[in-house]
1. Count the net charge of all other residues whose Cβ sits under 12 Å from the Cβ of GLN57, scoring Lys and Arg as +1 and Asp and Glu as -1.
2. Just rank GLU64, GLU111, fewest to most, by other beta-carbon atoms within 10 angstrom.
3. Once amide H atoms are built 1.01 Å from N in the peptide plane, which residues 5 or more positions from THR244, or in another chain, come under 5 Å H to H?
4. Would you tally the net charge around PRO78, using a Cβ to Cβ cut-off of less than 15 Å, leaving PRO78 out, and scoring K and R as +1, D and E as -1?
5. Tell me which of ASN240, VAL218, SER185 sits at the most positive position along the dipole axis of region 180-258, charges placed on C-beta atoms (Lys, Arg +1; Asp, Glu -1).
6. So who's got an amide H within less than 5 Å of the one on GLY86, skipping anything under 5 residues away but keeping other chains? H placed 1.01 Å off N, in plane.
7. May I ask for the net charge around GLN128, where only other residues with Cβ less than 13 Å from the Cβ of GLN128 are counted and Lys, Arg are +1 while Asp, Glu are -1?
8. Sort 234-243, 7-16, 167-176, 118-127 by the packing proxy (mean of other Cβ within 10 Å over each peptide's residues), most packed first.
Amino acid sequence: MTDGSNNPQDDPIWVQNGSDLNWYYNYGYQPTASYASYPQLQYVPMLWGDFNSSFTQTVINMIETGVNVSYVMSFNEPDGTFQSGGSEVTPQRAAARWATDIAPLGAYGVELGAPAVAGNEGGFQWLQQFFTACNGSCNASFISVHWYGNFQGLASKLGQTAATYPNMTIWVTEFADADDTLANSQSYAAQDFSYMDRLSNVIRYSYFGAFRSDVSNVGPNATMLDQCGRLTEIGLTYLNVSGTDYIPYNVSCTTSVSSSPAPTSTVNTQSSNTASTSTTYSPTSYVQPSSIPNPTQQSSSTSSYSSTTSSLS
């Protein structure tokens, strides 16, 4: 996520002319203050973990005061530990919190997102245990997918998810080719964007790289901004804008590194282009997790398809 507190000057990048982004999330349930002047970015609240919080009432208050809250997300990597960036929630406890904190929002016309587990097989098993514990009462309309690896692995994960949960649409809310070479990171990102843009069941996606390369915990090559806050090739492609693409790190902040034209993505700009950018843990009723969650290790797999929108992570 973009560190809005350390580099607020980067915020306008995501809403520049031509940008495809139209939503964001911040792992909390109160909008990021620095995005208040960007009405084109719809905010999606999240119940991050199993903490005492005013999540439900806060979201209801936003709706009743005219804020457009069409979706909510739930439980970020509950199968993982706090140390790995997860929210450490058992499937049974998550099902109980769903009934009290998430389900009531359905009465307000809000679409409810299933927990976003890690991309490994353990995460998938956690999700199945969650729905078993729900006993048919957790009416999620979409499911969030996380993937850190190559294109083939992401495509396989999407195929597995679609086959297992055919009645839910898919959001890919964290993905990147972590800790790889620059060439691989760029190539896989371009394939990922293009592929998901063509999949009708992938409604939104949010790349995990909307921060500067010098604070990245997925490796400097995967980010959308270089260490100076300028768009990399991945960033230009993701936003679907033109300009000079900068290599991510070890460059002068006053010198252009590349004058090659940036590739463009074929983002389907329906009603849901996305930007999951800022990582401000707004809730004050629990201890903040780390500002940039650590992706958990996951195994690779194979292929699937989509028509979507893009967001920042």
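Quick note: the coordinates plus some simple rules give every number you see, no bench work behind them. Since the model is a prediction, treat every value here as computed from it, not as a measurement. Counting neighbours? That spans all protein chains shown, and the Cβs are built from the backbone with ideal geometry, glycine included.
1. On the way: positive: none; negative: GLU64, ASP101.
Counting the neighbours of GLN57, the net charge comes to -2.
2. Working: GLU64 9, GLU111 17.
Taking fewest neighbouring Cβ atoms as first place, the list is GLU64, GLU111.
3. HN-HN under 5 Å from THR244: empty list.
4. Details: positive: ARG93, ARG97; negative: ASP50, GLU77, ASP79, GLU88, ASP101, GLU174.
Counting the neighbours of PRO78, the net charge comes to -4.
5. ASN240
6. Under 5 Å from the amide H of GLY86 lie the amide H atoms of THR81, each far enough along the sequence or on another chain.
7. On the way: positive: none; negative: ASP79, GLU121.
Taking every other residue near GLN128 into account, the sum is -2.
8. Numbers: 234-243: 22.5, 7-16: 16.9, 167-176: 24.2, 118-127: 20.0.
Top to bottom by mean Cβ count within 10 Å: 167-176, 234-243, 118-127, 7-16.
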